[in-house]
1. Within segment C:237-246, can one find any residue that is more than 19 Å from the chain's Cα centre (by Cα) and surrounded by 21 or more Cβ atoms within 10 Å (Cβ to Cβ)?
2. Quick check on my filter: what residues within segment D:8-18 are open to solvent by less than 20 Å² (accessible area, probe 1.4 Å) and touching a residue at least 40 places away in the same chain (Cβ under 8 Å)?
3. Of the numbered conditions (1) more than 9 Å from chain B (Cβ to nearest Cβ); (2) of a type in the set (V, I, T); (3) surrounded by fewer than 24 Cβ atoms within 10 Å (Cβ to Cβ), A:I299 satisfies every one except a single condition; which is it?
4. List pairs: first in segment A:276-293 and at the interface with chain B (Cβ under 7 Å from one of its Cβ atoms) and more than 30 Å from B:G255 (Cβ to Cβ), second of a type in the set (F, W, Y) and not in a strand (DSSP E or B), Cβ under 8 Å, 6+ apart or cross-chain?
5. Tell me yes or no: at least one residue of segment C:160-174 is touching a Cys at 6+ places or on another chain (Cβ under 6 Å) and closer than 29 Å to C:P62 by Cβ.
6. Taking segment A:255-287, which residues are assigned to a strand (DSSP E or B) and crowded, with 23+ Cβ neighbours inside 10 Å?
7. So is B:A311 part of a helix (DSSP H, G or I), in contact (Cβ under 8 Å) with a residue 40 or more places away in the chain and over 27 Å from A:G252 (Cα atoms) or not?
8. Which members of segment A:158-196 meet the condition of being under 16 Å from A:A208 (Cα atoms), modelled with pLDDT of 95 or more and open to solvent by 50 Å² or more (accessible area, probe 1.4 Å)?
4 protein chains.
Amino acid sequence: MPGNSFGQIFKITTFGESHGPGLGVVVDGCPSRIKLCTADFESAMTRRRPGRQIYDSPRQEPDRVEILSGIFEDQTTGAPITLYIHHQDADSKPYDILRQLFRPGHADYAYFKKYGHFDFRGGGRSSARETAARVAAGVVAQKVLSPLGVEIQAYSLEIGGIRAEKTDLVYARQNPFYFPDPALNSKVEQALQQAKEEGDSLGGIVEARVRGCPAGLGEPVFDKLDADLAKAVMSLGAVKGCEIGDGFAVAGLKGSQNNDAITPAGFTTNHSGGILGGISTGADIILRAAVKPIPSITIEQQTIDRHLQPARLKMTGRFDTTAVPRMVPVVEAMISLVLADHYLRHRAGK
Amino acid sequence: MPGNSFGQIFKITTFGESHGPGLGVVVDGCPSRIKLCTADFESAMTRRRPGRQIYDSPRQEPDRVEILSGIFEDQTTGAPITLYIHHQDADSKPYDILRQLFRPGHADYAYFKKYGHFDFRGGGRSSARETAARVAAGVVAQKVLSPLGVEIQAYSLEIGGIRAEKTDLVYARQNPFYFPDPALNSKVEQALQQAKEEGDSLGGIVEARVRGCPAGLGEPVFDKLDADLAKAVMSLGAVKGCEIGDGFAVAGLKGSQNNDAITPAGFTTNHSGGILGGISTGADIILRAAVKPIPSITIEQQTIDRHLQPARLKMTGRFDTTAVPRMVPVVEAMISLVLADHYLRHRAGK
Amino acid sequence: MPGNSFGQIFKITTFGESHGPGLGVVVDGCPSRIKLCTADFESAMTRRRPGRQIYDSPRQEPDRVEILSGIFEDQTTGAPITLYIHHQDADSKPYDILRQLFRPGHADYAYFKKYGHFDFRGGGRSSARETAARVAAGVVAQKVLSPLGVEIQAYSLEIGGIRAEKTDLVYARQNPFYFPDPALNSKVEQALQQAKEEGDSLGGIVEARVRGCPAGLGEPVFDKLDADLAKAVMSLGAVKGCEIGDGFAVAGLKGSQNNDAITPAGFTTNHSGGILGGISTGADIILRAAVKPIPSITIEQQTIDRHLQPARLKMTGRFDTTAVPRMVPVVEAMISLVLADHYLRHRAGK
Amino acid sequence: MPGNSFGQIFKITTFGESHGPGLGVVVDGCPSRIKLCTADFESAMTRRRPGRQIYDSPRQEPDRVEILSGIFEDQTTGAPITLYIHHQDADSKPYDILRQLFRPGHADYAYFKKYGHFDFRGGGRSSARETAARVAAGVVAQKVLSPLGVEIQAYSLEIGGIRAEKTDLVYARQNPFYFPDPALNSKVEQALQQAKEEGDSLGGIVEARVRGCPAGLGEPVFDKLDADLAKAVMSLGAVKGCEIGDGFAVAGLKGSQNNDAITPAGFTTNHSGGILGGISTGADIILRAAVKPIPSITIEQQTIDRHLQPARLKMTGRFDTTAVPRMVPVVEAMISLVLADHYLRHRAGK
């Protein structure tokens, strides 16, 4: 059972490797007569793309989205929409030394055990580059959601141990780390600078807030909205944890503290993060994803080769220092995809 | 698109309400010629069932599993296996006062918004009772996994803010809270006692450890093993967060700390929790689920009625003080279901 | 990948064997707030049930449908609806001699090759009795379709080589063979009588006509309405062919003959059988299914045993002489299921 | 619920319109380590492509398959394989007059009713050109099946009312109509010539024979092998009927005639067409598909425009005279896809 598709009614299938000819996604199930053209993808792709700042790897990809199918006279037709990003800067030379060695923290070893061989050119299918296709698909999902007035914003709640104490969403949208606390931003920059000098990398937390999601999305009992959101963000290679609302903090709460009182004007608190029984309540949806430090570091590491013999690996090249800001638009895209799918599912079941 | 099924090849569909005639599950995709009889379900159902201890609600259900289909001469045939638990103690009278009011922290309001009416008798489909069907299905999943030698054990890592400092798996399996730290067990008991007296409830954390899972399970890119595990546990109504390996702690780690070095004898550490790139590596799988305090409390709460008018709700009756121990076998079952499905998926794709 | 489910949004999963405790179906994805009670199933189950006439096997089953889940206060809730028929007359003794021998024309040999063992008590899962669960599910599908004013009627177009020359739908609904031509009905009866005396059985053709199906149902390109209808009827064990509209007769037509001219009042002819490009056009849907003669005959047959040694099989007992009339309500049910599913799919995608 | 995917484990998703930038297919679920390169597609694409003979439309497309993903070092990796055919000769000018009129026998009207607008440039998504993507995917399916020694051959059993009386499979493979009877081939040619002169088109029947299919493929009860084969061929726009084995002829047979006797050496006859109870028996699979005459004809026809006003349509341009030969490789591809999927499903369930 293949695993490259996501969604039930608004369904995407991504394809492509980090160092193959390109990346793409087929979006199937998009309603007809929605305006869509290549320009619609520019801003989202730019938000995600590498080369934005000095802590990112220098791979320069404009990530221009081509529309291969599904659009006629600038409108969706109901046919599958194929979005394609042709690779222009996929230099696979630096990876040749990796033909023999498994990079710690990467998927190489697991893929080798599963498939008997693996694409050592930058991770192939397991590369974070695959998320570019998700971001492109997320733009279409946003179009589906737009009549609802849903607003999705993610930001870097924490980078390298520095956690925002304030959430300025306007600031978050503008600064290159998508960090929402102006007062602590320089600390983030210092931490990144230091890690970079050490040849190391940093983890963090992405938080997302969804406003204006109508009540009623989510399908009992397995396809709960929070279950699908968790799957969506945990399907990102770097994410190791996911929380909705108070998340792990509920472990220390009592029922009388955690229950959100209901009034005619809505809930008085939002411990639940906008979801009860797996169904949206109309309150803001709050989600957090734990992002691990990028495994590609220039510090020497212990590993084994394909013949299971011990080896030392000292990676060269320039890598991102943290994946956190790059994850921000990807998390937004994944949330859009889940909500668009559940919106259409809800409509079908009504 | 209905949401009552889980799994792709080893696929279950649960049905039934807390106060309807019974609960059940259809297990489709189980290989043929596996020995299975009703006695196989007894121990798992007993581990989950209410009435085990004074902090649990007094509903007395033997939870006897009937096999309605799929077994011939004590073996699976390849046909769908239907497991059914006839309700014997589903007294819906205490719930009659809830016809008009939405219980805070429960799914009532969300279901009402979604479906236009709802089963107010104990939550109907959203009741935790539905998990009994999952536990029954988990027994079949365990049978599928048994040739692999996989061992799955969950326990209550934290209850009411008291976190185990030691993990004695033998102790955890035997004590009524499934709590793994003998030294702190009495503190847990005190906390439960106090909350009970206050008419309140407690949250906590369930941790699970999987030993002997072969490398190679999990399907890139959306059906990663960790993504499916996260969905599995987040599809439990009480779970608000999920972590694999170091989980949210990765946010504070550097790449050089978080990468697990590889040696011919295996990984030297297990920050990844046994999964890299969404595929099992052969190391122990570590998962944690945050369990919210049970929303049914006897302290008076603020809510609204069906006509959206303000109301006060003082629930009577006896409720569980915490869901954490009850979740332990359910989390084990969900992990079994995910692993059995991915084991068969892996076999198909080989 | 299990095969006991059908449909995407209105999805059913059937379970149960001919000689197990019972048969059932879980209907998932039915919209909420539809009136439904056990009495709704009586007429459809009666139309299908054995013992209606002397050419049927004497198994006497009232086929009373129990509702195990999904209904609250006589309405659907959006939860999965489980319908269950407890077997009362499943005498497995006559089948004991079949433990060793594969019955020609039955699924025994194929199941044995697939699963390594098989339920020799009347075919187990491959028995036509499984269709009772489909008929029950079809009743729910009809409820979903009822606001559309769709009318589905099937009848026995041909039995034992006698083909109706006239289609009197009122007569077809009333006579025990569901045969639509009063003038030829006695010939059908004679043919059945003669086959019965010879210990033989007869095949035939079921034709169905759907009136009032709205235009626009069916999903390009694989889930065309005709493709799903074909799958639906070909999933009945006795069906060996399926046609839409002119069917195989199109092979001899020219484009100028086969194209249905379009006028403001609709199509002037209906060669297409109400479906173009896989999408309903609003014209009547016409479908035919070829039904093979029942393989259970009392004439001695050549076969092999489990050890692949030659054997002679002389079946005793009384069997149906033809499956054709029994298939009529089943074909109606399958069409209802396909249309209900495509109606909800269409609604989601709008 | 989108309809552009087919298969469960070996799953394809096609995309692209007749007059868009190109056509493609994502093949997900193909096992790793299968040799595959672009040259593998040439012969199948050539068999299908237009311009082979004077009775075909003059659109000249080399139909060169590009591999956009899933192959590394000339082997499959387990990642989704994307095959793409860039259109080179998609002149949409002739279709401009069709902006206003629905072509009889085509999907235009149905698409317009479903989606509110439609791609009038040659049918867009409903064009037979979409089948090129299926043929490309079929090549990959063949690779999956190759260890089994399965041989699939289709041919034109009947064209324009001329039915082959002899089945010379070698001849069938070589002659441009894929017609298997040398003695009647000139009659076929005459019929085509005459229809062409009249501006008309011809229907026919494609028959396929599968040798060497192992017993045990097919999943009870809905995903029977014959049900999935029927869906596969009925999902081709031109196919109006499907038969397995004796097909509609079973209607006139008695059980004693239709049952295939079983001997240690296999079945003595093959009325069942290699499938019993929805599962392959090891005997040859026999399938027939009724192909309607191509609806594009130059004879004037009655139709309506977008405003539902009456109109006359006289199409110009050169169209295929029959779709039958073109369908031959497509039917082979669809059978390959079904068998590859069921082979992997069977392997998973073992």
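The values are calculated or read from the model by the stated rules, or taken from the named source; none is laboratory data. Fair warning: this is a prediction, and the values are worked out from it, not measured in the lab. Because the Cβ atoms are built from the backbone with ideal geometry, glycine has one as well, and the counts that use them run over all protein chains shown. With ligands, DNA and RNA removed, areas are computed over all heavy atoms of the protein, side chains included. Shrake-Rupley method; radii C 1.70, N 1.55, O 1.52, S 1.80 Å.
1. Yes, because at least one residue in segment C:237-246 is more than 19 Å from the chain's Cα centre (by Cα) and surrounded by 21 or more Cβ atoms within 10 Å (Cβ to Cβ).
2. D:I9, D:F10, D:I12, D:T14, D:F15, D:G16, D:E17, D:S18
3. (1)
4. A:L276/B:Y109; A:G277/B:Y111; A:I279/B:Y111; A:T281/B:Y109
5. First pass over segment C:160-174, keeping only residues touching a Cys at 6+ places or on another chain (Cβ under 6 Å): none.
Scanning segment C:160-174 turns up no residue that is touching a Cys at 6+ places or on another chain (Cβ under 6 Å) and closer than 29 Å to C:P62 by Cβ.
6. Within segment A:255-287, A:I262, A:I275, A:L276, A:I279, A:S280, A:I285, A:L287 meet the criteria.
7. Values: part of a helix (DSSP H, G or I): no; in contact (Cβ under 8 Å) with a residue 40 or more places away in the chain: yes; over 27 Å from A:G252 (Cα atoms): yes.
Against the criterion (part of a helix (DSSP H, G or I), in contact (Cβ under 8 Å) with a residue 40 or more places away in the chain and over 27 Å from A:G252 (Cα atoms)), B:A311 does not qualify.
8. Of everything in segment A:158-196, those that are under 16 Å from A:A208 (Cα atoms), modelled with pLDDT of 95 or more and open to solvent by 50 Å² or more (accessible area, probe 1.4 Å) turn out to be A:R163, A:E165, A:K166, A:T167, A:V170, A:Y171.
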